[in-house]
Amino acid sequence: MGDIVHNLRSSLDYTASAIVGADNKRVHFPIAETREDLVASFRTEPEVVAGKSKGKGRNAALEVCVPGIKDITIDTIGPYKSSGGLLWHLGKLDARNKHRLLLPVTVPQTITCWNLRAPNNIVIGKVVATVQPGGICRVAAFGGGGVTVERYGEPTADILFDEVGILQGNPVLQTILDMTKATFEAISLIEDVTS
């Protein structure tokens, strides 16, 4: 999982590096915590803010090489937390993966039971029961209790992110697919602007 996240993030960085050229080794695809931080990162001229001089933004080279890439990045791609897109999460997962493993959790979802037999010999052929929080699974309830299960089927489970503050509880496989799509779309938009 960590390799996939890193490769997706790296493909964005390689795209940014290709725009600026091989001489600039410190170029990364622009991802920021807030929209305001992202806007400031594209500052192409030094400015004074609240009495303090601020130099060019870390992504100024991208805007100088391709005027207008700032607007596409900020308004269309939206690689900042509140945009609702996945690229900010991708950047955070990649950074977290550099310092420790990303460990998903497996959460049981359902279990199939075949031939439930009640004390009065009533048989129910197949029951799919949902696993509740805490691992509790209520298969069936009959007035007198004493239900037996003659055969259990295969349980189902979801594999979820367990990263506090970063997609916690989201299904890993679908999220990785969605991140791949978002990465491809971002690179395609940048290619359209640069051609």
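Points worth noting:
- Cα-projected label distance for Q132 with D162, points at 7 Å along beta-carbon direction, nm: 2.4
- Relative contact order [Cα under 8 Å, 6+ residues apart], segment 32-101, whole percent: 30
- With θ taken as phi - 60° and the Karplus curve 6.51 cos²θ - 1.76 cosθ + 1.60 applied, the whole-hertz 3J(HN,Hα) list for segment 106-119 is 9, 10, x, 10, 9, 9, 9, 10, 10, 6, 7, 10, 7, x Hz, x standing for glycine and proline.
- Which of D71, D3, D178 is most accessible, then next, and so on - probe 1.4 Å: D3, D71, D178
- Crossing angle, helix 87-99 versus the chain [Cα axis fit, 0-90 degrees, rounded to tens]: 80
- Linear extension gain, V123 paired with H99, 0.36 nm per residue minus alpha-carbon span: 3.2 nm
- Top of P119, P46, P108 by mean-square fluctuation, Gaussian network on the chain, Cα under 10 Å: P119
- Column: log10 I(q)/I(0), Debye, Cα scatterers of the chain, q = 0.09, 0.16 Å⁻¹: -0.51, -1.00
- Vicinal HN-Hα couplings computed from phi for segment 69-82 (Karplus, 6.51 cos²θ - 1.76 cosθ + 1.60; Hz; Gly/Pro x): 5, 4, 5, 4, 5, 6, 8, 9, 6, x, x, 9, 3, 7
- Principal-axis analysis of the Cα atoms of the chain puts helix 2-20 at an angle of about 20° to the longest axis.
- Rough spin-label spacing in nm, given labels placed 7 Å along Cα→Cβ, for K181 and D23: 4.1
- Atom-type composition of the exposed protein surface of the chain places 54 percent of the accessible area on carbon and sulfur (1.4 angstrom probe).
- For R117, R151, the ranking by accessible surface with the largest value first comes to R151, R117, using a 1.4 Å probe.
- Treating r as the C-beta distance of V49 and L173 and R0 as 35 Å, the FRET efficiency rounds to 0.20.
- Backbone phi angles across segment 163-170, fed through the Karplus curve with coefficients 6.51, -1.76 and 1.60 (θ = phi - 60°), yield HN-Hα couplings of 9, 4, x, 10, 6, 4, x, 7 Hz in residue order; Gly and Pro are listed as x.
- Per residue, in Å², the accessible surface of the chain once ligands and nucleic acids are set aside, probe 1.4 Å: 60
- Stretching the chain fully between N7 and T76 yields a gain of 22.6 nm (0.36 nm per residue, less the alpha carbon separation).
- GNM flexibility winner over the chain from G84, G68, G134 (Cα, springs under 10 Å): G134
- Its alpha carbons give segment 12-55 an Rg and a Dmax of 12.7, 36 Å.
The values are calculated or read from the model by the stated rules, or taken from the named source; none is laboratory data. Since the model is a prediction, treat every value here as computed from it, not as a measurement. For neighbour counting, all protein chains shown are included, and Cβ atoms are generated from backbone atoms with ideal geometry for every residue, glycine included. Quick note on the areas: whole protein, heavy atoms, side chains included, nothing else; ligands and nucleic acids left out. Shrake-Rupley method; radii C 1.70, N 1.55, O 1.52, S 1.80 Å.
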